[in-house]
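Structure first, commentary second.
Values quoted throughout were computed directly from the atomic coordinates according to the rules given, and no laboratory measurement underlies them. Source: prediction; values computed, not measured. Neighbour counts are summed over all protein chains in view; Cβ atoms, including those assigned to glycine, are modelled from backbone coordinates with ideal geometry.
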Amino acid sequence: MNPLNHVAIIMDGNGRWGLKNKNSRNSGHKEGLKVIEKIIKETIKQKIKYLTLYAFSTENWRRPKKEIDYLFNLLENFLISKIGELDKKKIRLKIIGAKAFSKKLNKLLIAAEKKTIKNDILQINLALNYGSKLELINAFKRISNSQDEINEKNLIKYFYTKNIPDPDLLIRTGDTKRLSNFLLWQLAYSEIYFEKKLWPEFNENDYIKIIKKFKRIKRNFGKI
Ligand code: IPE
Ligand code: IPE
Ligand code: MG
């Protein structure tokens, strides 16, 4: 059985769920937040140590301002109301992506990271304003300005994901089969599951089923 140390999720389908069920994309984002809580609980139960959640991409700025504002407002409220609970559960929160938000949100994010830095039950990496191409370009720029030789071990020191092992498993909900600029380097050897359900419809049982399948896959890493 494969050990499972790190799950990454592209939580896609909120907008379509909201439109279909409540006639508004934003209500899908709100519903999606409830699923995040369920999945965090199950991740701890499964003794998985890293959970990376794609919440906002560098390309998502192309959406209407109203939707972007709604999303960041949800996030702010979530941080304010839930960070104490996450901390109590010994969850560490880490942001991956460029922290270029409002002053208030930047402060909240930095405070949440600081508050939970010593927690060791689960590390949640929240990908926010995250783009894999930007991460790679920044890493190459910084390594070129350093004394470091350009090799794999040195390059990954310049990623947002420094010190985080690569995902073993990637799940994308929402019936779409693409990576959307997510962890292009880090997913090189991950097992990938595309789930038909929209994110607000996804639940613990779907998650457990995927984990069970993952555990039985033969991972080769180039060997036979
Ligand atoms: C994913 O759901 C959440 C974010 C990108 C913030 P979408 O909002 O992309 O939902 P669909 O894909 O339009 O249904
Ligand atoms: C990927 O979903 C980003 C997040 C889930 C945060 P998108 O809905 O933005 O992806 P595309 O644009 O359909 O590829
Ligand atoms: Mg989408």
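Miscellaneous remarks
- Cβ-Cβ FRET estimate between Lys38 and Ser146, R0 fixed at 41 Å, reported to 0.05: 0.45
- Extension gain, Lys212 back to Asn163 (0.36 nm per residue minus Cα-Cα distance, nm): 15.0 nm
- Between amide H atoms placed 1.01 Å from N, distances below 5 Å from Ile9 occur with Thr52, Leu53, Tyr54, Ile171, all of them 5 or more places distant or on a separate chain.
- Flagged links, alpha-carbon separation over 25 Å, of Lys45/Lys215; Lys47/Lys162; Lys89/Lys213; Lys41/Lys196; Lys65/Lys115: Lys89/Lys213; Lys65/Lys115
- FRET efficiency, Lys65 to Arg219 (Cβ-Cβ, R0 35 Å, nearest 0.05): 0.20
- Cα centre as origin, Lys/Arg/Asp/Glu Cβ charges: the stretch 37-160 dipole, Debye: 380
- Built amide H within the under 5 Å cut-off of Gln123, gap 5+: Tyr50, Leu51, Arg92
- Put simply, when 36-42, 137-143 are sorted by average Cβ atoms within 10 angstrom per residue, most first, you get 36-42, 137-143.
- Among the GluC sites (Glu not before Pro) in the stretch 141-197, those placed in a DSSP loop whose Cβ has at most 11 other Cβ atoms within 10 Å are Glu149.
- Put simply, when 155-161, 125-131 are sorted by average Cβ atoms within 10 angstrom per residue, most first, you get 125-131, 155-161.
- Rounded is the label for the chain, because the ratio a/c of its alpha-carbon gyration tensor axes (a ≥ b ≥ c) stays below 1.5.
- Per residue, the average separation of C-alpha pairs within less than 8 Å and at least 6 apart gives the stretch 79-120 a relative contact order of 57 percent.
- With the simple model of a label 7 Å out from the Cα in the direction of the Cβ, Gln46 to Tyr189 spans 2.0 nm.
- Potential extension, Lys89-Ala111 segment - 0.36 nm per residue separation minus Cα distance: 6.2 nm
- Where only DSSP H runs of four or more residues are counted, the chain gives -14000 deg cm²/dmol as its mean residue ellipticity at 222 nm, each run worth -39500 (n - 2.57).
- Whether the stretch 43-84 is rounded, prolate or oblate, judged on the alpha carbon gyration tensor where a/c under 1.5 counts as rounded: oblate
- The aspartates and glutamates whose alpha-carbon is closer than 14 Å to the alpha-carbon of Lys99, local same-chain residues fewer than 8 away aside, are Glu76, Glu113, Glu135.
- DSSP H segments from the chain that extend 27 Å or more along their own axis, Cα-based, with Kyte-Doolittle mean of -0.5 or above: 65-88
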